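Participant: Before anything else, here's the structure in question.
Every number here is computed from the coordinates shown, using simple stated rules; none is lab data. Keep in mind it's a predicted model, so treat the numbers as computed, not measured. Don't worry about glycine lacking a Cβ; one is built from the backbone with ideal geometry, like all the others, and counts go over all protein chains shown.
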Amino acid sequence: MQETRPVELSRSIPVHRKAKKDWRGWQFTGPFAAVFVLVFIAPLGYALYLSLFQNRMIGGNSFVGLDNYVQALADPQFWDGFGRVVLFLLVQVPIMLILALVAALAIDSARLYATGLFRMAIFLPYAVPAVVAVLLWGFMYGNNFGLTANINQLLGSQVLQPFSTHWILASIGNIVTWEYVGYNMLIFYSALKTIPADLYEAAEIDGARGFQVIRAIKLPAARGAIVIATIFSIIGSFQLFNEPNVLKPLANNAITSYFTPNMYAYNLSFAGQQFNYAATIAIVMGVITAVIAYVVQLRGTRKEDR
């Protein structure tokens with residue numbers, strides 16, 4: 001008779017060992033996460049913290065909850081500056097983007113001579129520091145000196161008044177357009193250079209020429225770049241600060257301390273020592289800017305998917 005040996009059950013049962021955590025990924029992302037928290041999350045958190053307090057003469061810095069936000073939403077100076085930047089956005093941004101798109105289409109058409117020089121000439125103003133550019137235009141805008149004063153003297157009347165109350169916003173818009181047309185032109189031109197040559201060959205076979213190619217091929221290909229440039233321009237318009245702040249000594253009667261929401265928050269903080277309310281204005285503007293930029297992006301991507 002054959003002897004039967006007992007089956008070793010321990011060999012048939014798999015042993016699950018607990019896997020050790022691999023921290024190597026954090027070694028790469030950790031430095032970025034630390035910098036992101038320090039330079040982005042922490043300032044936002046501190047600004048939000050400041051906005052919930054008020055510095056009172058009696059009692060010092062006391063918690064007030066959402067009182068600062070209620071005050072901001074009813075502040076006529078805040079809404080005056082906000083309405084000004086909205087008007088600036090609705091007028092200046094389309095003009096700037098259209099000029100940039102026309103320049104990009106002209107360079108991409110290969111019908112211009114010295115396209116490299118033309119592209120560099122349009123982009124060069126963006127390389128000029130913003131403060132230097134504003135000082136340069138401020139000298140030309142001067143009522144008693146510079147190009148404007150010389151033209152008025154030649155005409156014998158005050159025809160040009162860039163620093164007047166009615167024209168100051170247009171003057172600032174001219175400076176911003178001069179600064180950023182080249183930047184947006186490069187965005188559009190880069191999108192146009194990604195169009196496959198097969199599409200142009202197919203369009204030529206179909207008999208498409210000139211504006212037909214632009215409307216059917218180039219503009220749809222540049223739609224994503226147009227959406228991105230629009231979002232950047234919206235954010236830049238709501239952040240308008242350098243130009244009016246530098247021009248304020250030259251146009252003191254036309255540029256107030258609340259000319260834009262950013263100027264209002266800056267003057268509240270550094271001139272009025274109202275840090276809590278300034279943080280509230282900054283947070284309200286940040287939320288409004290983020291919502292509008294998101295809506296533009298959402299609408300742009302929906303049209304692109306169609």
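Participant: I'd like the orientation of helix 223-238 relative to the chain: the angle between its Cα long axis and the longest Cα principal axis, in ° from 0 to 90, rounded to 10.
Facilitator: In the chain, helix 223-238 runs at an angle near 60 degrees to the longest axis.
Participant: Once both axes come from the Cα atoms, what is the angle between helix 275-305 and the longest principal axis of the chain, in degrees from 0 to 90, rounded to 10?
Facilitator: For 275-305 against the chain, the angle is about 70 degrees.
Participant: Place a +1 charge on the Cβ of each Lys and Arg in the chain and a -1 charge on the Cβ of each Asp and Glu, then give the dipole magnitude about the Cα centre in debye, rounded to the nearest 20.
Facilitator: Rounded to the nearest 20 debye, it is 720 debye.
Participant: Provide the FRET efficiency to the nearest 0.05 for the Ala203-Tyr113 pair, computing r from the beta carbons and using R0 = 22 Å.
Facilitator: With R0 = 22 Å, the Cβ-Cβ based efficiency is 0.35.
Participant: Of Arg209, Arg119, Arg223, which is the most mobile in a GNM of the chain whose springs link Cα atoms less than 10 angstrom apart?
Facilitator: Arg209
Participant: Among Leu117, Leu87, Leu66, which one moves the most in a GNM of the chain with springs linking Cα atoms closer than 10 Å?
Facilitator: Evaluated over the chain, the most mobile residue of the options is Leu117.
Participant: Mean shadow of the range 75-305, computed from the convex hull of its alpha carbons, in nm²?
Facilitator: That works out to 15.7 nm².
Participant: Could I ask something else about it? Note the angle between two axes, namely the Cα long axis of helix 24-36 and the longest principal axis of the Cα atoms of the chain, as a number of degrees from 0 to 90, rounded to the nearest 10.
Facilitator: Tilt of helix 24-36: around 30 degrees.
Participant: May I pose another question? What is the distance in Å between the Cα centres of the range 168-208 and the range 59-88?
Facilitator: For the range 168-208 versus the range 59-88, the Cα centre distance is 38 Å.
Participant: Dipole of the range 75-305 (Lys/Arg Cβ +1, Asp/Glu Cβ -1, origin at the Cα centre): which of Val287, Ser233, Leu155 lies farthest to the positive side?
Facilitator: Among Val287, Ser233, Leu155, the one farthest towards the positive end of the dipole of the range 75-305 is Leu155.
Participant: Tell me, Asp108, Asp198, Asp206, Asp67 in order of fewest to most beta-carbon neighbours within 10 Å?
Facilitator: The most exposed by this proxy come first: Asp198, Asp206, Asp67, Asp108.
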